[in-house]
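Reading through the structure tokens given below for one structure.
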Amino acid sequence: MKLVHKDIEKDNAGQVTLIPEEAEDMWHTYNLLQVGDSLRASTIRKVQTESSTGSVGSSRVRTTLTLCVETIDFDSQACQLRVKGTNIQENQYVKMGAYHTIELELNRNFTLAKKVWDSVVLDRIEQACDPAQKADVAAVVMQEGLANLVLVTPAMTLLRAKVEVTIPRKRKGSCAQHDKALERFYEAVMQGILRHFNFDVVKCILVASPGFVKDQFISYLFKEAVRQDCKILLENRSKFMVVHSSSGHKYSLKEVLCDPAVTARLSDTKAAGEVKALEDFYKMLQQEPDRAFYGIAITV
């Protein structure tokens, strides 16, 4: 996230202009937005036009609108953020008070105005704009024929790629088809690692699976790295850590990050702090259940 402009008055009212530069920035923006805020951003609007002959046509035009935020919808899988509200500033295409939905885009600035900016929201902006707050932990959670390549940031887990290859079963007396498919699968995962993981930033790459899939993959990965003279893999071999998981699905990453051996290895990464905070929270709930309550709010 890039901070372009910040103008906050002494009474904590004001506005900031930001540019989301990567998918995780949409998550930060989602946490900045609140109902009643004012959002100004570039968007696409379908407008109807009438020609001199009376024929009516429609076209999509790019314009800049200012909305009073009413609903906020965040798609965590696609990292897409849609904000719906009413137009509060005169525009040649959209009437005052008309509804519109803005889908925020990467590398396009937006301006967010609030009546009150509290310290929590300002801290989030500072965190989002800090270049050091990047994903320094990556993971490959896999099983035969399925692999999820993810980046773990201090704020969220980003799915970078999903590799799926059909692996035929081993037949009695013939394993050729099974072995060829498995090799294609490992090759696809290897290419995914090279394409999606930035070895200059990532400090640790977890390779997790049930059974021996992880060990077979690591063996294949570095044999191929030697054969292809892939220096980036060979130079970063020490960053790979093989761990057990119950499956190759993304949700298994949670159990992997809670493994004491993994926690020790990740001690100098930013994700470790988030994992420890969550563990402390769950421990507090177990030991002091009276500290938290949930249910229907009753107004007296």
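The values are calculated or read from the model by the stated rules, or taken from the named source; none is laboratory data. Source: prediction; values computed, not measured. Here Cβ is always computed from backbone atoms with ideal geometry, including for glycine, and neighbour counts include all displayed protein chains. Just so you know, the surface numbers come from the protein's heavy atoms only, side chains and all, with ligands and any DNA or RNA stripped out. Shrake-Rupley method; radii C 1.70, N 1.55, O 1.52, S 1.80 Å.
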Nearest-0.05 FRET efficiency for Thr166 and Lys250 at R0 = 35 Å, using Cβ-Cβ distance, is 0.95
With all protein chains present, how much of the accessible area of the chain (probe radius 1.4 Å) comes from carbon and sulfur, to the nearest whole percent? 49 percent
Sequence-distant aspartates and glutamates (8 or more away, or on other chains) whose Cα lies within less than 16 Å of Lys180: Glu144, Glu164, Glu224
Defining a contact as two alpha carbons under 8 Å apart and six or more residues distant in sequence, what relative contact order in percent does the range 2-129 show? 32 percent
Nearest 5 is fine: what % of DSSP beta bridges in the chain come out antiparallel, could you say? 85 percent
Please report, for the Cα atoms of the chain, the Rg to one decimal and the Dmax as a whole number; what are they, in angstrom? 24.6, 79
How far, in nm, would the chain grow between Ala264 and Leu106 when pulled straight, counting 0.36 nm per residue and subtracting the alpha carbon separation? 53.4 nm
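What does the highest-first list of 209-221, 47-59 look like by mean Cβ count within 10 Å?
Descending packing order for the listed peptides: 209-221, 47-59.
Please compare each pair in Lys214/Lys254; Lys2/Lys114; Lys46/Lys114; Lys250/Lys283; Lys6/Lys95 to a cut-off of 21 Å on the Cα-Cα distance and tell me which ones are over it. Mind dumping the intermediate values first?
Details: Lys214/Lys254 17 Å; Lys2/Lys114 19 Å; Lys46/Lys114 28 Å; Lys250/Lys283 24 Å; Lys6/Lys95 29 Å.
Check vs 21 Å cut-off fails for Lys46/Lys114; Lys250/Lys283; Lys6/Lys95.
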In whole angstrom, the spacing between the Cα centers of the range 107-127 and the range 51-95 equals 22 Å
Per DSSP helix of 4 or more residues, -39500 (n - 2.57); summed, then divided by the residues of the chain. What does that give at 222 nm, rounded to the nearest 500? -9500 deg cm²/dmol
In percent, what relative contact order does the chain have, based on Cα pairs under 8 Å that are 6 or more apart in sequence? 14 percent
Per residue, in Å², the accessible surface of the chain once ligands and nucleic acids are set aside, probe 1.4 Å: 59 Å²
Counting Lys and Arg as +1 and Asp and Glu as -1, each charge on the Cβ, what is the dipole of the chain about the Cα centre in debye, to the nearest 20? 1060 debye
So if we plug the beta-carbon distance of Gln34 and Asp123 into 1/(1 + (r/R0)^6) with R0 = 22 Å, what FRET efficiency do we get, rounded to 0.05? 0.90
